[in-house]
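For reference, the structure is listed below as structure tokens.
Nothing in this text is a laboratory measurement; each read-out follows from the coordinates by a stated rule. Bear in mind the structure is a predicted one, so any value in this text is a computation, not a measurement. Every residue, glycine as well, gets a Cβ built from its backbone with ideal geometry; the counts of neighbours run over all protein chains shown.
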Amino acid sequence: MMNAFSSNPVDPTVVQTIAASDGDAVLDVQDLHVYYQLREGRISAVNGVSFSLQRREVLGLVGESGSGKSTIALALLRLIKSPGKIERGKVLLNGRDLLSMVAQGSMNSLNPVMRVRDQIVDAWRDHDVGLRGEEVVSRIAELMRRVGLRPEDAMRYPHELSGGMKQRAVIAIAISLRPSVIIADEPTS
């Protein structure tokens with residue numbers, strides 16, 4: 001991995017893995033390369049990054065600002081925008097390219113004219129999750145508690161939440177579909 005603002009290489013082994021692995025890989029990244037074509041020339045942002053993530057494992061990418069951490073997250077989701085380009089590599093999630101992401105700017109991920117509850121229900125509707133009535137109320141209350149919010153916070157609009165509450169609301173939406181992997185860009189910001 002290269003720092004996007006200089007040619008100083010960032011050691012890709014600066015990856016901290018937390019929790020025990022049970023040997024069941026869910027995410028496999030192989031030889032990922034991403035660059036940005038700028039007026040000043042081509043800048044290598046991610047250079048040959050490979051890692052595997054096991055079930056129930058938490059993986060933290062550690063590096064200075066501009067070292068490529070967010071670029072890796074965006075590349076995993078195929079969300080690199082011009083002037084960036086994924087040059088090569090493989091990203092396999094249970095054999096498919098399908099991930100959930102908690103964006104660094106949580107306000108950008110929430111619909112400002114919909115209550116948090118409605119955004120969770122909307123995600124369920126889009127993914128054919130057949131919940132109704134009390135089951136919806138109960139499951140939303142459980143999600144809110146899991147992320148450290150009160151169940152009644154689900155009835156609030158994004159502008160009524162603090163920055164940290166918005167981040168937790170986005171996490172509640174992300175985990176509502178029980179994904180295999182969640183990519184969180186600066187989850188403590």
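What is the gain in length, in nm to one decimal, between Glu186 and Lys90 on full extension, counting 0.36 nm per residue of separation less the C-alpha to C-alpha distance?
32.2 nm
Run the simple label-point estimate for Asp118 and Val58 please: 7 Å along Cα→C-beta, distance reported in nm.
Inter-label distance under the simple model: 3.4 nm.
Could you calculate the FRET efficiency of Asp28 with Val129 from 1/(1 + (r/R0)^6), where r is the beta carbon distance between them and R0 is 30 Å, rounded to 0.05? Write down the numbers at each step before the final one.
Details: r = 27 Å, r/R0 = 0.90.
Once rounded, the FRET efficiency stands at 0.65.
With a sphere of radius 11 Å drawn around the Cβ of Ala172, what net charge do the other residues whose Cβ falls strictly inside it have (Lys, Arg +1; Asp, Glu -1)?
Taking every Cβ under 11 Å from that of Ala172, the sum is +4.
Calculate, in nm to one decimal, what Glu142 and Gln37 gain on full extension: separation in residues at 0.36 nm each, minus their alpha carbon distance.
33.3 nm
Could you give me the radius of gyration and the Dmax of region 31-185, taking only the C-alpha atoms into account and expressing both in angstrom?
Values for region 31-185 (Cα only, Rg and Dmax): 17.7, 58 Å.
Give me the distance in nm between label points sitting 7 Å out from Cα along the Cα-to-Cβ direction at His159 and Lys81, one decimal.
In this crude label model, His159 to Lys81 measures out at 2.3 nm.
Would you please report the Å³ per residue occupied by the convex hull of the alpha carbon atoms in region 57-96?
87
What is the extension gain from Arg178 to Ser50, computed as 0.36 nm multiplied by their sequence separation minus the C-alpha to C-alpha distance, in nm to one decimal?
43.6 nm
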